[in-house]
Every structure is written in structure tokens, then in C-alpha cells.
Amino acid sequence: MLHLLKIDLKKLTSYRTFWVVCGLYFLTIGFSTASGMEFLKWLANTFDKFGSSLNIDRIPLYHFPDVWLNLVWWSGFFKVLLGIMVVISISNEYTYRTLRQNIIDGLSRWEFLASKILTNLLLSLISVVLIFIIALVTGFIYTPEINWNYVFTDIEFYPAYLLELFTFLSYALMLGIFVQRSGLTIILLLLSYMLEAIVKANIDDYFPWLIPYFPMESISALVPIPFYRYAFQEIQDYVDPAAVAIASAWMILFNYFSYLKLKRSDL
Amino acid sequence: MDTVLTTRHLTKDFGRLRAVDDLSFEVKRGQVFGLLGPNGSGKTTTLGMLMGVVNPTVGEFSWFGEIPNHHVRKKIGAVLEHPIFYPYLTGQKNLELNAMIKQCPEENIPGVLELVELADRRNDKYKTYSLGMKQRLAIASALLNEPTVLILDEPTNGLDPMGIAEIRELIKKIAANGKTIILASHLLDEVQKVCSHFAILKKGRLVHVGPVDDVGKGAETVEVKADLPDFTEVLMQFPGTASILPENGVFLVTLREDFHSKDLNAFLIERGVVANHLVTKRKSLEKVFLEILSEPR
Ligand SMILES: Nc1ncnc2c1ncn2[C@@H]1O[C@H](COP(=O)(O)OP(=O)(O)OP(=O)(O)O)[C@@H](O)[C@H]1O
Ligand SMILES: [Mg+2]
């Protein structure tokens with residue numbers, strides 16, 4: 001297993017685009033999550049009215065346990081960047097025909113796919129760990145009174161976040177394997193949410209119960225929008241088991257479809 | 001002699017096109033097996049099936065008597081059609097990656113780079129290489145795992161004459177170590193020089209398979225010339241003459257079986273005729289190739 005991961009990392013770590021895209025991604029989620037509070041303070045200082053009408057110290061964005069969900073939900077938006085990287089990595093293998101050569105050299109098709117899946121898992125894990133550390137540190141900085149009962153509440157959103165990222169990257173990988181050209185695949189990846197939204201809007205009147213089963217919907221449902229709790233005092237502070245089940249099913253299906261396609265095609 | 005490769009009824013359809021049609025042949029250990037055929041006759045497709053990148057429509061094959069799997073492929077070095085590497089990696093890094101995939105020690109890399117004379121360019125990116133250098137790197141990569149079987153698909157494509165000669169020597173050297181080589185090529189005199197056996201494909205069908213040595217067998221042809229007005233008459237009197245064909249001032253004499261050019265020479269000397277030109281024409285592989293392909297099937 002580790003061997004396969006090393007093979008894929010060997011391909012990526014000398015590839016400039018990989019560092020640029022991943023660097024952009026990790027810097028963006030790192031800085032934006034770490035500096036949210038400073039940004040609010042800056043807003044408050046710049047626009048006096050904003051500061052006086054709202055006591056920013058009382059916005060519990062970075063308070064335990066809210067900080068866990070808030071940061072995870074926010075950084076979830078940027079997973080598209082990682083998805084683009086995954087698409088580039090797999091479509092390169094097609095355009096350079098190196099997938100063919102890898103098989104000739106002695107990888108099995110499954111091993112080739114596994115090396116890509118393992119990279120997806122690694123990228124997801126790094127994101128989760130990064131956000132976890134940032135949430136932990138900022139939580140301790142900004143929470144006015146640390147109540148140890150609350151510090152590690154809601155931390156179950158981290159496995160959910162991992163599943164969110166990994167399922168999305170599995171989807172990106174599958175798109176890449178089916179479409180094989182990076183430009184078109186990236187466009188499809190970006191349009192996925194919109195296309196799904198159109199379908200959902202059309203069937204909403206007839207089969208509303210179907211909605212949670214859509215792939216993008218199920219990925220988004222893993223980490224719910226946190227701000228309702230501020231607006232409506234309506235709190236979903238748990239991970240919906242149904243969402244986990246549906247997203248896991250999609251995750252398995254995406255990778256399985258990739259496998260079937262790879263196994264059947266002539267390279 | 002043990003069998004390295006067996007194919008049975010190997011067939012590949014691309015949509016309506018049958019690229020490889022019911023191919024059955026064997027390659028034994030130590031053979032240098034030439035795979036010949038015009039463009040589009042299915043050579044690369046066949047090799048692609050043998051290396052697991054093209055799924056056969058019908059039929060099967062086995063390497064070393066085993067059902068094919070990816071572990072077997074690690075023991076085979078193969079270059080199909082044109083070299084394939086990661087353009088943004090250096091030659092060295094590309095080979096390191098290949099060593100990881102083939103699970104062979106990286107210590108083999110300097111040796112093979114030396115062999116193909118790329119050692120001083122090893123830290124340049126692959127995309128900056130010339131065609132011949134790419135081709136050499138591909139050969140280096142095929143030799144990396146000290147393979148027992150080497151598959152080469154037009155390996156001298158794009159090489160300079162020196163490079164071609166080097167590759168020929170390399171193939172001979174590797175073959176002399178008892179390794180098995182399968183070579184697809186259009187350079188028929190190359191094949192004749194290095195191969196022990198050959199097969200000819202035509203529109204995906206196997207139309208001939210046999211040892212290269214058999215090519216020279218059969219009726220001998222002698223090209224002969226003498227400054228004599230009635231030279232044809234003299235030639236007619238030779239009991240070994242089957243037919244005479246005048247061509248550009250020389251005569252092409254096809255001999256009957258069991259007669260050789262030295263018999264003709266002895267006959268002429270006996271008659272007091274001195275030939276100023278006498279050459280034995282062996283049948284070339286090229287000729288056999290063209291003959292076989294022009295046979296209606
Ligand atoms: N992926 C593919 N899809 C459709 N047809 C293909 C594909 N690959 C090969 N073919 C067809 O199969 C036939 C055999 O092709 P192949 O490349 O095996 O020929 P070849 O003997 O290697 O020719 P050459 O001497 O030109 O290299 C050709 O008619 C080709 O067009
Ligand atoms: Mg070919």
C-alpha cells in the first residue's frame with residue numbers, strides 16, 4: 001500500500017503545477033480559517049458602526065465548540081481546488097500515455113487506481129489535520145472562558161469532513177478517468193453542483209424524498225451550514241448518520257466505477 | 001527447450017475492425033523472434049495484448065506457462081511503439097520511478113544509462129531530449145529490471161545509423177546471454193541479421209512463421225556475366241540450369257536443386273569460358289516477405 005502511495009507521490013512531487021495548486025489550496029484554507037477573527041476586528045475598526053452595533057467579541061465564531069464546525073464548513077468550499085489537482089494528475093496520465101506504460105512496466109490496473117486513491121486519502125487527511133490544529137489553537141485563543149466539557153464537543157465533524165473531501169476527490173478522479181481530458185473534466189467538475197441543482201429543482205415537486213440521495217447534495221449534507229444556529233437558534237450539532245451512509249455509498253460507487261472503467265478499457 | 005510465450009486464437013476487434021485475427025504461435029526460450037508485417041497489420045496491438053494494455057476480444061496467452069498477471073510483466077522489458085515517460089521528470093527520475101514500479105534496485109540505473117550513452121544527460125528533463133535520446137532512454141528502461149524477455153517495437157525508429165548499429169549489437173549481446181527477444185520491425189535486413197525466427201502478419205492474420213535460416217534455402221540464383229557472344233548457349237548446356245533471365249547485360253541463372261554456383265563455375269572453366277562476374281544470390285528476407293504478402297489469401 002505504502003509502496004503505491006510512494007509511486008504516485010514520486011510522480012507529483014517533481015511536478016510544479018502540483019505544488020502551485022496544492023500550495024494555493026493549503027495556504028487559502030490555512031490563512032482564511034486562522035484569520036477570521038482578525039478580519040472581523042479589522043472590519044469593526046474600519047467601519048465604526050459595524051463595531052458598535054455588534055459586539056464582535058460576542059460572536060462565538062471561534063468559541064469552543066462552535067469553532068469546530070465553523071472552520072470545517074468554511075474550508076469545505078475550497079475542496080474544488082484539490083479536485084482540480086486530482087483531475088490534472090489523472091488526465092496527465094492519459095495525455096502522456098504514462099498510464100499505459102505503468103501497466104506495461106508491471107503495475108496492475110487496480111494498483112494504478114489504488115495509488116491515485118491513496119493520494120486522495122492523503123490530501124484529505126492533511127486538510128483535516130491542518131484545520132483541526134487551526135481550530136484547536138484559535139479556539140483556545142478566542143474562547144473567553146474555557147469550559148473543558150465543551151472543548152471537544154462536536155469534534156465528530158472532522159471524520160465527516162474527511163469523508164466529504166475524500167468522496168469529492170473520488171468523484172473528481174472518476175470524472176477524470178471517464179473524460180480523460182483535463183480541460184473538459186475541470187469544467188464538468190465545476191458545473192457538477194449547478195447541473196445537480198437544476199435536476200433537483202425539476203424533481204423537487206414530484207420526488208422531494210429523492211433529494212438527499214444526490215451525490216453533491218450528500219457530500220454537502222455531511223457538514224451542515226453552521227450559521228442557522230445564530231440566526232434561528234436551530235442547531236444541528238451532530239453528523240447526520242443518513243448523510244454519512246449516502247455519501248459513503250457514493251464514495252464506494254465512484255471508486256468502483258473508476259475501477260470498472262479502467263479494467264475494461266484498452267489503454 | 002521451454003516455452004516462454006504461447007498464444008491461442010488471440011483476436012482483437014476495434015469496433016468493426018478486426019486488428020488481430022486468430023493468432024496462435026509460440027516463442028521458445030532464447031529465440032530472437034521477429035514480428036513482421038505491413039503498417040496496420042496488428043503488430044503493436046498484439047504486443048499490447050501480451051503486455052496487458054489491450055484486452056483481447058477472444059483467445060488467450062500465457063507467459064512462462066502462467067496465466068498472465070502483472071507480476072509476470074515485471075520480468076519483461078518492453079517498449080511499445082514510441083517511448084513514454086513523464087516529460088517534466090528528468091531521465092534519472094523517470095528511471096527511478098520505473099525501478100519502483102518494477103520493484104528492482106535503483107542501483108541498476110547507472111549501468112543502463114551508461115549502456116545507452118545517456119549518463120551525461122540524465123539530469124535533464126525528458127522533454128528536452130531528442131527523439132533518438134528518448135528512444136535510448138526507453139531501451140534503458142526496458143533493460144532496467146534485467147529482464148528475461150525483451151519486447152521491442154521498432155526500437156531503432158529515429159536512431160542515427162550508429163545508433164541503429166549499436167542497438168543491433170545490443171540485441172545480439174542480450175540474445176547471446178540466452179534471453180528471449182520479441183522484435184517488431186520494418187527493417188527486414190535488421191531482422192535477418194539478428195533474428196532466429198520470424199512471423200509475418202497480414203491484416204491481423206498469421207501468414208507465416210518459421211526460422212530465419214529457412215529463408216536462404218531452396219533454389220539458388222546466380223548472377224553471371226562473360227564477354228562471349230553466344231554465352232546463353234553455353235549456359236543452356238549446363239545441366240543444372242533451370243531458367244535464364246537476361247538483365248542489364250548480366251544473366252540471372254536459377255539453378256536446379258542440388259546444384260550450386262561453384263558447379264556452374266567449374267562447368268564454365270571446363271568449357272574454357274572465363275566469367276568476369278559471378279555472384280550467388282541468396283534469397284533475402286525482404287524478398288520472402290514480399291512474396292508471402294503478395295500471395296492471395
Ligand atoms: N485504439 C484503437 N482503436 C481503433 N483501432 C485501432 C486502435 N489501435 C489500433 N487500431 C487499428 O488496428 C490495426 C492494427 O494496428 P497496429 O498498431 O497493431 O498495427 P502495426 O502492425 O503495429 O502497424 P505499424 O507497422 O504501422 O506500427 C490498425 O488498422 C489500426 O488502425
Ligand atoms: Mg506498430
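The values are calculated or read from the model by the stated rules, or taken from the named source; none is laboratory data. If you're wondering where the values come from, they're calculated on a predicted model, not measured in any experiment. FYI the Cβ positions are ideal-geometry reconstructions off the backbone, even for glycines, and counts take in every protein chain you see. Note: areas computed on protein heavy atoms with side chains; ligands, DNA, RNA excluded. Shrake-Rupley method; radii C 1.70, N 1.55, O 1.52, S 1.80 Å.
Annotations for the structure displayed:
- Filter result for B:Ala199 (within 16 Å of ligand 2 (Cβ to nearest atom), more than 14 Å from chain A (Cβ to nearest Cβ) and open to solvent by less than 20 Å² (accessible area, probe 1.4 Å)): yes
- Among the conditions (1) at the interface with chain A (Cβ under 8 Å from one of its Cβ atoms); (2) not in a helix (DSSP H, G or I), B:Thr7 misses just one, which is (1).
- Inter-residue pairs, beta-carbon under 9 Å, first on the phi < 0 side of the Ramachandran plot and in segment B:38-51, second more than 6 Å from ligand 1 (Cβ to nearest atom) and among the hydroxyl-bearing types (Ser, Thr, Tyr), 6+ apart: B:Lys43/B:Ser185; B:Thr46/B:Thr7; B:Met49/B:Thr7; B:Leu50/B:Thr7
- Any hit, segment B:80-96, residues being among the aliphatic types (A, V, I, L, M) and within 11 Å of ligand 1 (Cβ to nearest atom): yes
- Residue within segment B:166-188 that is of a type in the set (S, T, N, Q), surrounded by fewer than 18 Cβ atoms within 10 Å (Cβ to Cβ) and more than 22 Å from B:Thr44 (Cα to Cα) present: yes
- Test for B:Leu144: is it aliphatic (A, V, I, L, M), within 16 Å of ligand 2 (Cβ to nearest atom) and within 12 Å of another protein chain (Cβ to nearest Cβ): no
- Remark: A:Tyr171 matches the filter, which requires a residue to be hydroxyl-bearing (Ser, Thr, Tyr), under 30 Å from B:Met49 (Cα atoms) and more than 14 Å from chain B (Cβ to nearest Cβ).
- Residue-level analysis places A:Leu262 among those that are within 21 Å of A:Arg109 (Cβ to Cβ) and either modelled with pLDDT under 90 or not in a loop (DSSP other than H, G, I, E, B) (or both).
- Close pairs (9 angstrom Cβ cut-off, 6 or more residues apart or separate chains): free of Cβ contacts under 8 Å to residues at least 24 places away in the same chain in segment B:152-172, open to solvent by 70 Å² or more (accessible area, probe 1.4 Å) and not acidic (Asp, Glu) anywhere: B:Lys172/B:Lys193
- Single residue of segment B:264-282 satisfying the filter (closer than 28 Å to B:Val209 by Cβ and touching a strand residue (DSSP E or B) at 6+ places or on another chain (Cβ under 8 Å)) that is most open to solvent (accessible area, probe 1.4 Å): B:Lys281
- Those helices (runs of 4 or more DSSP H) of segment A:128-242 in which at least 2 residues are in contact (Cβ under 8 Å) with a residue 12 or more places away in the chain and within 17 Å of the chain's Cα centre (by Cα), considering only elements entirely within it, cover A:157-179, A:182-203, A:215-222.
- Candidates B:Val207, B:Val215, filtered to the one that is assigned to a strand (DSSP E or B), open to solvent by less than 30 Å² (accessible area, probe 1.4 Å), more than 16 Å from ligand 2 (Cβ to nearest atom) and more than 14 Å from chain A (Cβ to nearest Cβ): B:Val207
- Close pairs (8 angstrom Cβ cut-off, 6 or more residues apart or separate chains): more than 7 Å from every other protein chain (Cβ to nearest Cβ) and touching a residue at least 12 places away in the same chain (Cβ under 8 Å) in segment A:92-105, open to solvent by 40 Å² or more (accessible area, probe 1.4 Å) and of a type in the set (Lys, Arg) anywhere: A:Tyr94/A:Arg181; A:Thr95/A:Arg181
- Residue count, segment B:231-272 (criterion: closer than 16 Å to B:Glu220 by Cα and basic (Lys, Arg)): 2
- Residues that are open to solvent by 80 Å² or more (accessible area, probe 1.4 Å), part of a helix (DSSP H, G or I) and farther than 30 Å from B:Thr11 by Cβ occur at least once in segment B:246-263.
- Within segment B:156-185, restricting attention to residues that are modelled with pLDDT of 85 or more and touching a strand residue (DSSP E or B) at 6+ places or on another chain (Cβ under 8 Å), the residue that is nearest to ligand 2 (Cβ to nearest atom) is B:Ala184.
- Selection status of A:Thr17, assigned to a helix (DSSP H, G or I), at pLDDT below 95 and within 14 Å of chain B (Cβ to nearest Cβ): yes
- Count of segment B:147-165 residues, restricted to those that are buried (at least 17 other Cβ atoms within 10 Å of the Cβ) and within 20 Å of B:Asn108 (Cβ to Cβ), is 6.
- When segment B:17-63 is filtered for residues that are within 16 Å of ligand 1 (Cβ to nearest atom), touching a Ser or Thr at 6+ places or on another chain (Cβ under 9 Å), within 13 Å of chain A (Cβ to nearest Cβ) and in a strand (DSSP E or B), the ones remaining, listed by number, are B:Ala19, B:Val20.
- Selection from segment A:87-113 of residues that are part of a helix (DSSP H, G or I) and open to solvent by less than 10 Å² (accessible area, probe 1.4 Å): A:Val87, A:Ile90, A:Ser91, A:Glu93, A:Thr98, A:Leu99, A:Asn102, A:Ile103, A:Ile104, A:Asp105, A:Phe112, A:Leu113
- Filter result (open to solvent by 30 Å² or more (accessible area, probe 1.4 Å) and in contact (Cβ under 8 Å) with a residue 24 or more places away in the chain) within segment B:60-76: B:Glu60, B:Phe64, B:Gly65, B:Lys75
- Total residues in segment A:141-167, condition touching a Phe, Trp or Tyr at 6+ places or on another chain (Cβ under 9 Å) and under 22 Å from A:Ile117 (Cβ atoms): 3
- Candidate set: segment B:1-56, residues that are away from ligand 2 (no atom under 16 Å from the Cβ), of a type in the set (Lys, Arg) and under 17 Å from the mean Cα position of the chain (by Cα); chosen: the one most open to solvent (accessible area, probe 1.4 Å): B:Arg29
- For segment B:64-117, taking the residues that are part of a strand (DSSP E or B) and either within 16 Å of ligand 2 (Cβ to nearest atom) or over 25 Å from the mean Cα position of the chain (by Cα) (or both), the one that is farthest from the other protein chains (Cβ to nearest Cβ) is identified as B:Glu66.
- In the set (1) touching an Asp or Glu at 6+ places or on another chain (Cβ under 8 Å); (2) within 16 Å of ligand 1 (Cβ to nearest atom); (3) of a type in the set (Lys, Arg), B:Arg136 fails one condition alone, (2).
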